[in-house]
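Contents: one structure, followed by commentary.
Just so you know, all these numbers are worked out from the coordinates, no wet-lab data involved. Since this is a predicted model, take the numbers as computed values, not measurements. Note that we place each Cβ from the backbone using ideal geometry, even for glycine, and neighbour counts take in every protein chain shown.
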């Protein structure tokens, strides 16, 4: 019995030591729930959408793999100073995004970022994509495939063009984890079972999926 | 006499079910269209979805254009929807949906486009 207590106490101390002071995902989770972020975002995976109707019922993007999708500095910055990512209101083809996303204050944002960055998935394997110039990837993005039909991006001279039904890819280099982009393009329904974006896996060659993920990861 | 009664009973029991199934399929096709196609072709099918801004280089087909839509057979439509614009020497901005939509979805869309154009198209 004493031994058990000792082991238990040891485990507790160990856990306390491994979580850096003042930066615990658990604190962030409390903020997330307290500020009702979960009214619009779900954080427990795997994907829950079973139909188009389920997707349309959502009020904001799913965040259950946020730690695999986003880059930490971007996430923390965006939470305190959100900028419009989707030009249209979520799930709408007619209304504009009003840009009125809730803004948790500094310390809360940091804790929420800790919480969101703890939500990872093994589907995203590290080290697959190195962001670097990919002429082949750019060709796929701009010419061979309809990516620009739905996504904004900035050309070499900074000229912005492209459709607006998809999230903007301007700034993807700072916002998205390149390995997530690759995993998403390879197996999109794992993350988004019902999405207005076509599945390109099985249409693009494996090499071109890699090339286009590399290109997206350089978009400023 | 007995036979007619049986037929009427049969019709009364099953026609509403058949009708409901048809309405259900049409409503489903409409949902599929709004979710995947309207972003470019517009909610009314006329080619003016939110993606079609000034710098969109080709106009997505206006599905209410009877003359143009009559040039396509149902199979032509199926092919271009599954394999994308380049499969029919058209713009790559028309995406390939073959890995996204089921055969049933595409059949529903063909019927819906025929409703938009109020036309039957080329046979085949």
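In the elastic network of chain A, a GNM with C-alpha springs shorter than 10 Å, the most mobile of A:192, A:143, A:174 is A:143.
Per residue of A:160-167, how many C-beta atoms from partner chains lie within 10 Å of its own C-beta, taken as a mean?
Numbers: counts 1, 5, 4, 10, 6, 6, 2, 0.
Whole-number average of other-chain Cβ neighbours for A:160-167 is 4.
Among A:179, A:54, A:114, the largest mean-square fluctuation in a Gaussian network model of chain A (Cα springs under 10 Å) belongs to A:54. Judged by the gyration tensor of its Cα atoms, with axes a ≥ b ≥ c, the stretch A:23-117 is oblate; a/c meets the 1.5 cut and b/c is at least as large as a/b. Under a Gaussian network description of chain A, with springs only between Cα atoms under 10 Å, the residue in A:165, A:134, A:51 that fluctuates furthest is A:51.
Output the relative contact order of the stretch A:23-117, whole-number percent, from Cα pairs under 8 angstrom with separation of 6+ residues. Each step should come with its number before you reach the end.
On the way: 103 pairs, mean separation 42.4, N = 95.
Computed over the stretch A:23-117, the figure is 45 percent.
For the stretch B:27-117, the square roots of the Cα gyration tensor eigenvalues, ordered a ≥ b ≥ c, give a/c below 1.5, which places it in the rounded category.
Relative contact order for the stretch B:27-117 using alpha-carbon pairs under 8 Å, separation at least 6, rounded to a whole percent? Could the numbers behind the result be given before it?
Working: 100 pairs, mean separation 24.4, N = 91.
Rounded, it is 27 percent for the stretch B:27-117.
Per-residue ellipticity at 222 nm for the protein assembly as shown, helices alone: DSSP H runs ≥ 4 residues times -39500 (n - 2.57), over residue total, nearest 500 deg cm²/dmol? Write down the numbers at each step before the final one.
Details: 17 runs with 160 residues, N = 344.
Mean residue ellipticity at 222 nm (helix-derived): -13500 deg cm²/dmol.
Between residue B:88 and residue B:43, the C-beta separation translates, for a Förster distance of 25 Å, into a calculated FRET efficiency of about 0.55. Once the Cβ-Cβ distance of residue A:44 and residue B:115 is raised to the sixth power relative to R0 = 41 Å, the FRET efficiency obtained is 0.50. Between the helical axis of A:206-216 and the longest alpha-carbon principal axis of chain A there is an angle of about 80 degrees. In percent, rounded to a whole number, the relative contact order of chain A is 24, using alpha-carbon pairs under 8 Å and six or more apart. For the segment B:49-59, counting C-beta atoms of other chains within 10 Å of every residue's C-beta and taking the mean gives 5.
What are the equivalent ellipsoid semi-axes of the protein assembly as shown, built from the alpha-carbon gyration tensor (square roots of five times its eigenvalues), in whole angstrom, biggest first? Before the final figure, lay out each step's value.
Working: eigenvalues 378, 164, 68 Å².
Semi-axes from the Cα gyration tensor: 43, 29, 18 Å.
Label positions at residue A:159 and residue A:125, each projected 7 Å from the Cα along the C-beta direction, are separated by 4.0 nm.
Cα-based radius of gyration for the stretch A:90-220, normalised by 2.2 N^0.38 Å, reads 1.12.
What is the fewest-to-most order of B:28, A:83, A:33 by other Cβ atoms lying within 10 Å of their Cβ? Write down the numbers at each step before the final one.
Working: B:28 16, A:83 10, A:33 13.
Lowest count first: A:83, A:33, B:28.
For each of B:100, A:43, count neighbouring Cβ atoms within 10 Å of the residue's Cβ, then give the residues from fewest to most. Don't skip to the answer; put the middle values down first.
On the way: B:100 21, A:43 18.
Starting with the residue having the fewest Cβ neighbours, the order is A:43, B:100.
Using the Cβ-Cβ distance between residue A:139 and residue A:35 with R0 set to 35 Å, the FRET efficiency works out to roughly 0.20.
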